[in-house]
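Enquirer: The structure is given below, and queries will be raised subsequently.
None of the figures in this text is laboratory data; all of them are computed from the coordinates on show. Please read all numbers here as calculations on a predicted model, not as lab measurements. Reconstructed Cβ throughout: ideal geometry from the backbone, glycine too, with neighbour counts over all protein chains shown.
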Amino acid sequence: MRRLTLLSAALFLLPLAVACEPVYGNLGQDLDPSTPFEGAAETYLFGGGSTTDMVIFGDQDADNIGEIAYATVSIDGEITLLTGTYRAPDSETVLASFTISYHYDPEYDVPASSRVGSTTTLLDVPIEYSGALLMNPDEITLETESGSRTFTRVGRVMERIDPSTPDGEILLARLTNYAVVVSLSRVVGFGSAGLTMYLGRVGEFQGLQSGRQEAEFAELLSPKATFTYIDYTDLTGFHYDGTYTSRTDISATGDMVGSVAISLAPAADAAPLFSGNLLYDNVLINNGVPDDGFYRFELDGGLAFNVAAPDFNNLDLRGLFP
């Protein structure tokens, strides 16, 4: 067991408001200030009740510096994500410094035209934390003054899913969607009228580990928002490729079409446990929310099932944590 110093208690309460400048969608402006992790990375999850937290550690370079991402995602899909770097000057000390904050709140009770959507914020002053960390092969325990949390390597979490059962179908769908929500939190304007900034332009957003996501918008009177994953990875072992489109009228009522090839592997270099296609063709949208119809999974090997839209978008992952 290795003991390191990392991340204070405040990290468990990710701030939603900080002194900083948001990134706006000015024509010609680079909307994505992030850069992909260099080298290998490990992802860990903590199911803490009403939220599921994620931490990704990238490999350290010759100066003992690596990339880090920390997210808190609520059951209803609100997410705060911080990215930055950490360093390990010796075998017992690690310090984290976060320089970019991403936030998305679905705001289900707010009219679609009034929602804020996803925001990206460059922090004027980095958020820095320290605490204690116990590392095991498949788990890490963050210890702070307020207590401790044990995170499980995402591959181990994935192995707890049996999609041949009704509960397993829902848990696989939610874990798949967890990674989708993490990705969309970095698409400036997602979930709001701000998507119109992509009219006549393509927004490109890097995956935390590899690939990119593209956002496009067309037809103001019959809005169509299209999202494309290209060799995309945020969470270790999660690989997405494909395109889906939401099609609505000006009251934000409509449907979705498209498909995304998904591959979920227990490690970056391992064969996938689950692979196949996620189909959007039977999802209905009301007030800008995909809350009716169903998402269809067609997995390699012949297993196929439907998951009702409310179950897919409910990110309660407590069934995956002992």
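Enquirer: Using only alpha carbon positions, build the gyration tensor of the range 270-322, then give the equivalent ellipsoid semi-axes as the square roots of 5 times its eigenvalues, largest first, whole angstrom.
Expert: After diagonalising the Cα gyration tensor, the semi-axes are 23, 17, 8 Å.
Enquirer: Given PHE294, LEU264, SER185, which one lies farthest toward the positive end of the charge dipole of the range 163-320, if we put +1 on the Cβ of every Lys and Arg and -1 on the Cβ of every Asp and Glu?
Expert: In the range 163-320, that residue is SER185.
Enquirer: For the range 103-156, state the average projected area of the convex hull of the C-alpha atoms over all orientations, rounded to one decimal in nm².
Expert: In nm², the orientation-averaged hull projection of the range 103-156 is 7.0.
Enquirer: Would you please state the base-10 log of I(q)/I(0) at q = 0.09, 0.10, 0.15 1/Å for the range 163-320, with intensities from the Debye formula using one equal scatterer on every alpha carbon?
Expert: Log10 of I(q)/I(0), two decimals: -0.28, -0.35, -0.79.
Enquirer: One quarter of the convex hull surface, Cα atoms only: what value does that give for the range 62-152 in nm²? Please list the in-between numbers first.
Expert: Values: hull surface 32.7 nm².
Over every viewing direction, the Cα hull of the range 62-152 projects on average to 8.2 nm².
Enquirer: From zero up to wherever the largest Cα-Cα distance of the chain sits, split into 10 Å bins and tell me the percent of pairs in each.
Expert: Spelled out per bin, shortest first, that is 6, 27, 36, 23, 7, 1.
Enquirer: Oh, and also: Express the relative contact order of the range 74-155 as a whole percentage, based on alpha carbon pairs under 8 Å and six or more residues apart in sequence.
Expert: That works out to 21 percent.
Enquirer: Seen from all sides and averaged, what is the projected area of the convex hull of the Cα atoms in the range 204-272, in nm²? Intermediate values should be presented prior to the final figure.
Expert: Working: hull surface 19.9 nm².
Approximately 5.0 nm², given one-decimal rounding.
Enquirer: Here's something else I'd like to know. Can you give the relative contact order of the chain as a percent, counting alpha carbon pairs under 8 Å and 6+ residues apart?
Expert: 16 percent
Enquirer: Right, something else. Tell me what the chain gives for mean residue ellipticity at 222 nm when only DSSP H runs of n ≥ 4 count, each as -39,500 (n - 2.57), the sum divided by the residue total, rounded to 500 deg cm²/dmol. Walk me through the intermediate numbers first.
Expert: Working: 3 runs with 29 residues, N = 322.
Result for the chain, helices only: -2500 deg cm²/dmol.
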